[in-house]
Amino acid sequence: MLSLSVERVSLRLTETVRSSRGEIDAVDTCMVTVTHAGIVAYGEGTPIEYDGVTADDVARAIEADGSALLGPDLTDPQAALERVDAWDAPAGARMALDGALHDWIGKVGRRPTWQLLAAPRRIGPTVYTIGIASPAEAATAVRNAPQVGAFKVKVGGPDDIDVLDAIRQVTPLPIRIDANEAWDLSTARALTPRLRALGVHLVEQPFPRSRIDDYVRYRELPDRLPIVLDEGCTDVASVHAARKHSDGIVVKLCKAGGVRAARRVMAAARQAGLTVLLSCMCESELAISQAALLAPLADHIDLDGHLYLRDQPFRGLGLEGGWIVLGDGPGLGVAPAASPKRSRQ
């Protein structure tokens with residue numbers, strides 16, 4: 001018989017990360033373990049807390065429905081993936097079960113799942129995110145960052161120009177900025193020429209989701225920055241709306257509900273002519289290995305959530321020359337660390 005368990009896990013960060021939404025030094029996520037026929041598979045599901053979903057919500061949904069969705073055995077994992085995909089539950093819950101099923105598919109086939117899905121083993125180059133900080137702090141963070149291919153900088157207002165200038169002085173790498181809905185149109189108009197001069201090449205979610213007019217009017221500026229939507233784009237329906245006021249979208253498994261659902265969103269974005277950033281929250285190497293399966297569909301890889309963790313509950317990913325290297329073992333290629341710090345629910 002198949003067994004399923006779920007754990008609520010607190011992931012501690014190496015340092016406090018600041019954005020326009022506030023400060024975090026730890027994040028909660030959920031991890032599932034599926035055991036059947038001697039095979040143990042794992043999946044991670046991250047709640048979208050700024051939308052009011054908690055790790056408890058994700059865990060409760062999995063505990064209530066997970067076993068029924070997976071069925072008594074996994075002789076037809078594709079059918080189980082379809083049931084999870086159609087499940088009316090928090091996206092993080094679908095992400096967790098979807099991830100465990102993709103791990104299972106690789107392990108039962110005794111091959112890496114990325115290989116079975118014809119995804120590359122090396123993906124990238126990836127970014128490293130710099131939180132809101134003083135110019136000196138931001139420059140130090142860039143100097144101390146792992147070797148990556150670009151930097152994403154959290155911003156919140158006009159004072160961030162000094163921070164971006166300090167970052168530019170210590171790195172020639174591309175810079176993206178993420179306002180997390182903190183700007184208004186006047187701020188964007190005032191900052192854009194200076195951001196252009198610093199070589200900033202795109203901005204994520206500059207305005208609140210509800211301020212569609214601001215997006216439309218900003219796109220009328222002759223020398224604007226490309227805009228990609230994160231909070232403002234979660235599913236295929238929102239992709240169709242996004243193409244009217246953005247240049248691209250940010251895809252996260254925790255928003256879409258797993259690999260299968262995120263693939264649909266990415267395909268819709270491609271069809272709409274939108275740039276696709278494959279991204280994540282602060283997540284473990286388990287969740288990053290799930291997202292990495294979709295790398296061939298992305299224009300940019302923003303998978304750095306595991307690089308900020310103090311305690312790694314899963315191990316198996318590498319980082320070489322700014323590129324993420326997936327594990328070569330069966331399944332997702334990661335395994336539980338020797339002493340993961342977890343709190344079972």
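Numbers at a glance
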{"quantity": "Cα-derived Rg to Rh of segment 128-189, Kirkwood definition", "calculated": "0.96"}
{"quantity": "Helix-only CD estimate at 222 nm, as mean residue ellipticity for the chain, using -39500 (n - 2.57) per DSSP H run (n ≥ 4)", "calculated": "-10000 deg cm²/dmol"}
{"quantity": "Qualifying trypsin sites (Lys or Arg not before Pro) in segment 60-138, DSSP loop, other Cβ atoms within 10 Å at most 11", "calculated": "R110"}
{"quantity": "On Cα atoms only, tilt of 160-170 relative to the major axis of the chain in degrees", "calculated": "80"}
{"quantity": "For R315, distant residues with modelled amide H under 5 Å away", "calculated": "A335, A337"}
{"quantity": "GNM result for the chain, Cα springs below 10 Å: residue of K152, K255, K244 fluctuating most strongly", "calculated": "K244"}
{"quantity": "Distant alpha-carbon pairs in the chain (separation over 32 angstrom), percent", "calculated": "27"}
{"quantity": "In degrees, nearest ten, helix 91-108 long axis to first principal axis of the chain (Cα)", "calculated": "50"}
{"quantity": "Kirkwood-Stokes translational diffusion coefficient of segment 6-48, alpha-carbon pairs, 20 °C, 1.002 mPa s, µm²/s", "calculated": "174"}
{"quantity": "Surface accessible to a 1.4 Å probe, V265 within the full protein complex, Å²", "calculated": "10"}
{"quantity": "Share, in percent, of DSSP beta bridges within the chain that are antiparallel, nearest 5", "calculated": "55"}
{"quantity": "Most to least accessible of S238, S210, S284 (protein chains only, probe 1.4 Å)", "calculated": "S210, S238, S284"}
{"quantity": "Rounded to 10°, Cα long-axis angle of helix 77-86 versus longest principal axis of the chain", "calculated": "50"}
{"quantity": "Amide proton proximity set for E181, modelled H, under 5 Å, gap of 5+", "calculated": "F207"}
{"quantity": "Listed residue (A136, S5, V84) projecting farthest to the positive dipole end of segment 1-145, Cβ model", "calculated": "A136"}
{"quantity": "The chain, dipole about Cα centre (Lys/Arg Cβ +1, Asp/Glu Cβ -1), debye to the nearest 20", "calculated": "720"}
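The values are calculated or read from the model by the stated rules, or taken from the named source; none is laboratory data. Note that the structure is predicted; figures quoted are calculated from it, not measured. Virtual Cβ from ideal backbone geometry, glycine too; neighbours counted across all protein chains shown. Ligands, DNA and RNA are stripped out before the accessible areas are found, and what is left, the full protein with its side chains, is counted by its heavy atoms. Shrake-Rupley method; radii C 1.70, N 1.55, O 1.52, S 1.80 Å.
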